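All remarks here apply to the structure that follows.
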Amino acid sequence: MIVERADCRAVSDALAAAAGSDRAFGPLELDHLTTCLRCRAEQARYRRLMEAMQALREAPVEEDSRLESQILTTIDLHGRLLARRARAGVVAAVGGIAAGAAATAGFIAARHRRAARLLS
Amino acid sequence: MVSLVERAKSGDREAFDRLVRITHSDAYALALRLTGSTEDARDVVQEAYLRAYRSVGRFRGEALFSTWLYRIVANCAATHIGRRQLHRHDHLGAHDDFIDTRPDYDPTLLGDVAALRLNLDAAIRDLPPRLRSVVVLRDMYDLPHEAIAKELGISVTAAKVRLHRARRRLREQVLPLPGEEHDHDR
């Protein structure tokens with residue numbers, strides 16, 4: 001009878017995946033882990049690595065004292081830019097309406113003049 | 001925090017400023033871990049908050065505000081790193097050999113928790129950006145694979161492959177098994 005066994009290489013790949021609970025071990029891998037000291041040592045190292053990763057997240061990072069004001073300034077500048085664009089849009093719209101009104105008035109005046117000429 | 005987010009969503013600038021004050025240190029820490037540079041981290045965080053400010057109205061509250069912000073930081077960092085690599089022409093591929101240049105690297109110190117953290121921090125910074133991003137976002141900030149894949153513009157499978165490769169590198173680097181130490185002396 002041939003007994004199928006996982007080898008260290010296959011288990012090593014599984015250990016990296018299982019370290020963050022992304023994947024569970026299969027029966028062959030579990031069987032291997034009960035007997036292979038090297039793979040168990042590797043598994044223990046992954047566990048320590050994960051703990052250290054979480055601890056590192058909590059470790060303080062040297063703060064940049066100017067960062068907060070820089071963020072707020074960036075948002076302010078963006079707001080001002082938007083406001084300026086909006087104002088420019090209003091000015092363009094008002095200018096367009098004025099130009100349209102002037103053109104209409106000119107057209108009406110021309111028609112009146114032509115009508116007056118025809119009548120006289 | 002929830003009420004501040006609600007106020008910020010309705011356009012209250014003061015509420016958004018307070019959210020910046022509460023969250024910017026954490027966002028900066030993530031950006032620093034993703035980019036490995038204080039200058040880049042500062043740029044990334046500013047860009048991320050600007051994007052957050054513009055889109056906070058669309059924040060649906062399905063995740064925590066901090067998680068939503070981390071995703072924006074991750075996306076900005078990925079864009080920033082991509083742009084930087086394009087300019088510098090010094091792409092670091094996932095298969096590049098790692099050379100440990102730290103003079104104070106000493107495996108005998110690994111029993112010490114502080115030394116482990118120090119070495120781990122350095123090892124994370126030395127990872128290629130494509131591996132560093134996934135391992136930081138997943139194993140330090142607990143973002144789901146799907147979110148990581150989306151923000152980095154890769155498939156979920158690719159994100160998992162990179163994650164496992166990154167974990168293996170870090171493990172070999174900071175907690176080597178007997179016989180693995182010499183691999184890093186090359």
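The values are calculated or read from the model by the stated rules, or taken from the named source; none is laboratory data. Quick caveat, the model's predicted, so the values are computed rather than measured. Note that each Cβ is placed from the backbone with ideal geometry, even for glycine, and that neighbours are counted across all protein chains shown.
Given (1) part of a helix (DSSP H, G or I); (2) modelled with pLDDT of 90 or more; (3) within 14 Å of chain A (Cβ to nearest Cβ); (4) within 17 Å of the chain's Cα centre (by Cα), where does B:Arg117 come up short, assuming only one miss?
Every condition holds for B:Arg117 apart from (2).
Would you check which residues across region B:26-45 are within 14 Å of B:Thr79 (Cα to Cα) and either crowded, with 22+ Cβ neighbours inside 10 Å or in the same structural domain as B:Asp121 (by TED's automatic domain parsing) (or both) and list them?
Within region B:26-45, B:Ala31, B:Leu34, B:Thr35, B:Ala41, B:Val44, B:Val45 qualify.
For region B:1-55, please list each of the helices (runs of 4 or more DSSP H) lying entirely inside it that holds at least 3 residues being within 11 Å of another protein chain (Cβ to nearest Cβ) and at negative phi. Give the derivation first.
Details: elements: B:2-9, B:13-35, B:38-55.
Passing ranges, in order: B:13-35, B:38-55.
The rows are residues; the columns are (1) farther than 25 Å from A:Cys39 by Cα; (2) modelled with pLDDT of 85 or more; (3) within 14 Å of chain A (Cβ to nearest Cβ).
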residue: B:His91; (1), (2), (3): yes, no, no
residue: B:Gly111; (1), (2), (3): no, no, yes
residue: B:Ala122; (1), (2), (3): yes, yes, yes
residue: B:His145; (1), (2), (3): yes, yes, yes
residue: B:Ile148; (1), (2), (3): yes, yes, yes
residue: B:Glu151; (1), (2), (3): yes, yes, no
residue: B:Gly179; (1), (2), (3): no, no, yes
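Residues checked against (1) within 44 Å of the chain's Cα centre (by Cα); (2) among the acidic types (Asp, Glu); (3) surrounded by 10 or more Cβ atoms within 10 Å (Cβ to Cβ):
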site	(1), (2), (3)
A:Leu30	yes, no, yes
A:Thr35	no, no, no
A:Arg40	yes, no, yes
A:Glu51	yes, yes, yes
A:Thr104	no, no, yes
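With the structure loaded, tell me whether B:Ala74 is part of a helix (DSSP H, G or I), modelled with pLDDT of 90 or more and farther than 22 Å from A:Thr73 by Cβ or whether it fails that test. Don't jump to the end; show me each part of the working.
Details: part of a helix (DSSP H, G or I): yes; modelled with pLDDT of 90 or more: yes; farther than 22 Å from A:Thr73 by Cβ: yes.
Yes.
When you go through (1) surrounded by 15 or more Cβ atoms within 10 Å (Cβ to Cβ); (2) on the phi < 0 side of the Ramachandran plot; (3) at pLDDT below 90 one by one for B:Arg60, which number turns out not to apply?
(1)
Would you say B:Arg60 is away from chain A (no Cβ under 12 Å), part of a loop (DSSP other than H, G, I, E, B) and either under 21 Å from B:Gly11 (Cα atoms) or of a type outside the set (Asp, Glu) (or both)? It would help to see each step written out before you state the result.
Working: away from chain A (no Cβ under 12 Å): yes; part of a loop (DSSP other than H, G, I, E, B): yes; either under 21 Å from B:Gly11 (Cα atoms) or of a type outside the set (Asp, Glu) (or both): yes.
It is true that B:Arg60 is away from chain A (no Cβ under 12 Å), part of a loop (DSSP other than H, G, I, E, B) and either under 21 Å from B:Gly11 (Cα atoms) or of a type outside the set (Asp, Glu) (or both).
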